[in-house]
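Below is one structure, written out as structure tokens, with a few remarks after it.
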Amino acid sequence: MSEKMCVIIIDMLNDFVTGDLKCERAKQIISNLRRLVDAARKHGVPVIYSNDAHYPNDPEVVHKWGKHAIKGTKGAEVIPELAPLEKDFVLEKRTYSAFFDTGLDPLLRSLYSGEGVKTVVLCGLHTHICVRHTAADAFFRGYKIIIAKDGVESFTQEDHEQGLKYLENVYNARIMTVDEIIREISKKK
Ligand code: ZN
């Protein structure tokens, strides 16, 4: 695979894994994501974190989810197991999509010496919410999409499975295991 890839880790934050909006099922993807980011870093594939960093008056806080991942709090930090390294990119967002007012698109276009990322590997939380909205915006902007099916999770199995099906049907996402993605990353050059 010669496609220029990046790995985007969405909302693997304390509040979503152990805190205010915790999702028990999130724990089962941590070790997979750890292996994926390690492989990406080793093979020069950019790792980008897209993290909720809310103001208390953000619409999704007020109208839907209540208080979570408030900017500057412990709850809004990436879980320690997946803590970003210095060469990773960390972007804050204030709603579901990693592209919404975050500067992600210009960042992707600047990578690989300005040739730009062609394929985004989406991981993290939640399959049917932030991953889905990020995939929509990636699709609209012409990126190919890979979803790590054992690297994304939702509150329920049903949400997760419906999310995967939607991503495949609507955005032509390739649904792959973390091991398959690591194999692609390893033979990239
Ligand atoms: Zn949020």
| From the residues in the range 124-160 that are under 22 Å from LYS64 (Cβ atoms) and among the charged types (D, E, K, R), which one is surrounded by the most Cβ atoms within 10 Å (Cβ to Cβ)? | GLU153
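For (1) of a type in the set (Lys, Arg); (2) modelled with pLDDT of 95 or more; (3) within 14 Å of the ligand (Cβ to nearest atom), each residue gets a yes or a no:
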residue: LYS67; (1), (2), (3): yes, no, yes
residue: GLY72; (1), (2), (3): no, yes, no
residue: GLY75; (1), (2), (3): no, yes, yes
residue: LYS93; (1), (2), (3): yes, yes, yes
| request: Could you tell me which residue of the range 40-63 is farthest from the ligand (Cβ to nearest atom), considering only residues that are in a helix (DSSP H, G or I) and touching a residue at least 40 places away in the same chain (Cβ under 8 Å)? | output: ARG41
| remark: Note on the range 19-39: residues at pLDDT 95 or above and within 16 Å of the ligand (Cβ to nearest atom) are ALA26
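The values are calculated or read from the model by the stated rules, or taken from the named source; none is laboratory data. Every value quoted in this text rests on a predicted model; they were computed, and no experiment measured them. Virtual Cβ from ideal backbone geometry, glycine too; neighbours counted across all protein chains shown.
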